[in-house]
């Protein structure tokens, strides 16, 4: 009995990259910006991107997850320092 051929693997499921957290609390991934906690300003983070989500890691620990954007900006207001949250509202 011959087994059926296995299905081919789908195209790249996830893409890994590195990004620097800017002074505006955002990283750039492709053509989109994503916020991260303000404590990470100036740090280099690892980014795992899929078609539906972007995950940000620091030293192997997940620090933030966002729904993926084709382009634009996704900001979680809680990522700003406490003294700036009132200003953002």
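Sorting 50, 18, 75 by the number of Cβ atoms found within 10 Å of their own Cβ, with the fewest placed first, yields 18, 50, 75. Available extension along the chain between residue 75 and residue 14 is 19.8 nm, counting 0.36 nm per residue and deducting the alpha carbon span. Under a Gaussian network description of the chain, with springs only between Cα atoms under 10 Å, the residue in 46, 76, 59 that fluctuates furthest is 59. Our estimate of slack between residue 2 and residue 51, defined as 0.36 nm per intervening residue step minus the Cα-Cα distance, is 14.1 nm. When the alpha-carbon atoms of the chain are used, the pair Rg, Dmax equals 17.0, 70 angstrom. Taking the fewest neighbouring Cβ atoms within 10 Å as the starting point, the ordered list for 69, 40, 3, 62 is 3, 62, 69, 40.
Readers should treat all values here as calculations from the given coordinates under stated rules, not as data from a laboratory. These numbers were taken from a predicted model, which means no experiment stands behind them. All Cβ positions, glycine included, derive from the backbone under ideal geometry; neighbour counts span all protein chains shown.
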